Amino acid sequence: MELSTLEETYGKLLLSELFTSVWFGHWDDYEAVIGRLPEELVAELPFHEHYNREDTALWRDNYFQVPGDYFIPPYLSSYFGKGEEEQEQAKQDVLCLIGEFDKLGFYYPLEQGEFPDHFGSVTAFLTAAVKEEIKALEANDETLAEKLLTMQHNVYDTYMKQGIEKMLAHGETKWADPFFKEFLPFYGENMKDIHG
């Protein structure tokens, strides 16, 4: 597995922070990350041109918090089958995911009042891993940086990949606003690119 340059890793960090802020509806953080990006990069974010803080916040709630016509479950375990065996596998995966969080001393989901398998929680965890990867690269500790990169790939492949694909398929007919209609596929593709 080839390590990214420090500059590329900082780019991964900004994108991961942006994704985390959207999932949790932290619009001050979203705006702060957008403010740190060069204008030409902001122009490449297909969803940002549709950003309106009030409308986007309302649609986020409609999609991910309020059960109804537009609801899209924001939990990886929601995309397992409904049978007893699939539900047992979902529980085991969540427990394993918690184990991965513990390895880095990552307790963000608890601080946010969310479950560990929330897309935002796992995205925040990968963001924390990228921060640690940056520290390792700055300290010229390639062994640690490679371990962190491998962990990111494993978490993405094991827990996120299938959930993102199923969430995108599930939500495809529900996206009624332009921000999330652009954000969710962009999120899926870029999570694969930077963590897969």
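A few comments on the model shown:
- Among the residues making up segment 43-60, a single one is aromatic (Phe, Trp, Tyr) and not in a loop (DSSP other than H, G, I, E, B): 59.
- When residue 6 is tested against the conditions (1) in contact with a helix residue (DSSP H, G or I) (Cβ under 9 Å, 6 or more places away or on another chain); (2) surrounded by fewer than 14 Cβ atoms within 10 Å (Cβ to Cβ); (3) farther than 27 Å from residue 144 by Cα, the lone failure is (3).
- Selected residue (criterion: most open to solvent (accessible area, probe 1.4 Å)) from residues of segment 61-70 that are in contact (Cβ under 8 Å) with a residue 40 or more places away in the chain and part of a loop (DSSP other than H, G, I, E, B): 69
- A count restricted to segment 42-51 and to residues that are within 15 Å of residue 187 (Cα to Cα) and open to solvent by 80 Å² or more (accessible area, probe 1.4 Å) stands at 1.
- Test: residue in segment 114-133 that is free of Cβ contacts under 8 Å to residues at least 24 places away in the same chain and surrounded by fewer than 17 Cβ atoms within 10 Å (Cβ to Cβ): no
- Hits in segment 29-83 - residues which are hydroxyl-bearing (Ser, Thr, Tyr) and within 15 Å of residue 15 (Cβ to Cβ): 30
- When residues in segment 10-48 are screened for being over 24 Å from residue 121 (Cβ atoms) and touching a residue at least 40 places away in the same chain (Cβ under 8 Å), 1 of them pass.
- Qualifying positions in segment 154-182 - open to solvent by less than 40 Å² (accessible area, probe 1.4 Å), of a type in the set (A, V, I, L, M, F, W, C) and in a loop (DSSP other than H, G, I, E, B): 175
The values are calculated or read from the model by the stated rules, or taken from the named source; none is laboratory data. Computed from a predicted model, the values in this text were never measured in an experiment. Counting neighbours? That spans all protein chains shown, and the Cβs are built from the backbone with ideal geometry, glycine included. When the accessible area is computed, the model is the full protein with side chains, heavy atoms only, and any ligands, DNA or RNA have been set aside. Shrake-Rupley method; radii C 1.70, N 1.55, O 1.52, S 1.80 Å.
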